[in-house]
Amino acid sequence: MSNSPPLDVRFECQQSGHCCCDPQIIVTTTFLDIFQIFSQLDGDFEYLLKKLTFYRVETDLNLELRKRLVLTPVQTSDGKIIPGLMKINGLNCVFYSKPNCSIYNSRPRACRNYPIAFLGAEAEAPFIWAKDSKETCPGIGKGIPLSFPSVIQQGKITLEEINTHNDLVHELNIEASKGKPLSAREVVWMFIVYAEKYSSENNS
Ligand code: SF4
């Protein structure tokens, strides 16, 4: 059975919390996601670090999760990592406060898009339902139909953000290959500095 949404795509969040508490879902974060959360936390860098986790690609992620990664791993002094949101006991997202997200307005792009996953303009279907979401997300099929152009626009923004993130990581990885790689902490700081510059250039 195809995983592509029909043309009549309906989704309205029912605040079930399933996606925020599903052990099979990890939320990886782009440089812009991290910057937005940093701003939401009033610029408290130490507090931000307590909410993040650094998935070591080779040891922390199973093959299934590795195949679904869209962010390029960063070479750090502690190996290749992907930053993401911490989960409590491997279940609830650290920002989940039943029945809501405590950083709703600053939640990562992946959370904003769920249960839709974008595959890129070249793909046969530019977007699909995220893996297993049709079985677990009670919001699918609810509400008024989503506007097709706005979903496509959302996909474009997402892909641009991912590409910009991966370009930045590529630069960091080139620098890491020349000398001493940054620590994960330093990488997060670099993301924030870059995102601040990127945001001011793109909002002006
Ligand atoms: S950031 Fe918010 S929306 Fe995203 S998984 Fe965590 S609690 Fe859910």
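Worth a mention:
- Qualifying residue in segment 39-56 (condition: surrounded by 15 or more Cβ atoms within 10 Å (Cβ to Cβ) and within 11 Å of the ligand (Cβ to nearest atom)): yes
- Of everything listed in (1) within 16 Å of the ligand (Cβ to nearest atom); (2) surrounded by 16 or more Cβ atoms within 10 Å (Cβ to Cβ); (3) over 22 Å from residue 54 (Cβ atoms); (4) not hydroxyl-bearing (Ser, Thr, Tyr), the single unmet condition for residue 132 is (2).
- Answer from 73, 83 - the residue that is closer than 17 Å to residue 169 by Cβ, within 16 Å of the ligand (Cβ to nearest atom), crowded, with 18+ Cβ neighbours inside 10 Å and not aromatic (Phe, Trp, Tyr): 83
- Against the conditions (1) under 18 Å from the mean Cα position of the chain (by Cα); (2) among the charged types (D, E, K, R); (3) surrounded by 14 or more Cβ atoms within 10 Å (Cβ to Cβ), residue 167 satisfies every one except (3).
- Pairs meeting the criteria (first residue in segment 172-192 and more than 15 Å from residue 73 (Cα to Cα), second residue in a helix (DSSP H, G or I), beta carbons under 8 Å, at least 6 apart or on different chains) are 189/45; 192/31; 192/34; 192/35; 192/38; 192/45.
- Identity of the residue in segment 94-116, within 6 Å of the ligand (Cβ to nearest atom) and among the aromatic types (Phe, Trp, Tyr), that ends up surrounded by the fewest Cβ atoms within 10 Å (Cβ to Cβ): 96
- Count of segment 97-106 residues, restricted to those that are in contact (Cβ under 8 Å) with a residue 60 or more places away in the chain and under 15 Å from the mean Cα position of the chain (by Cα), is 4.
- Residues in segment 6-29 that are more than 13 Å from the ligand (Cβ to nearest atom) and in contact with a helix residue (DSSP H, G or I) (Cβ under 8 Å, 6 or more places away or on another chain): 7, 9.
Rule-based calculations on the coordinates, nothing more; no lab input. Remember, it's a predicted structure, so these values are computed and weren't measured experimentally. Please note: Cβ atoms are built from the backbone with ideal geometry, for glycine as well, and neighbour counts cover all protein chains shown.
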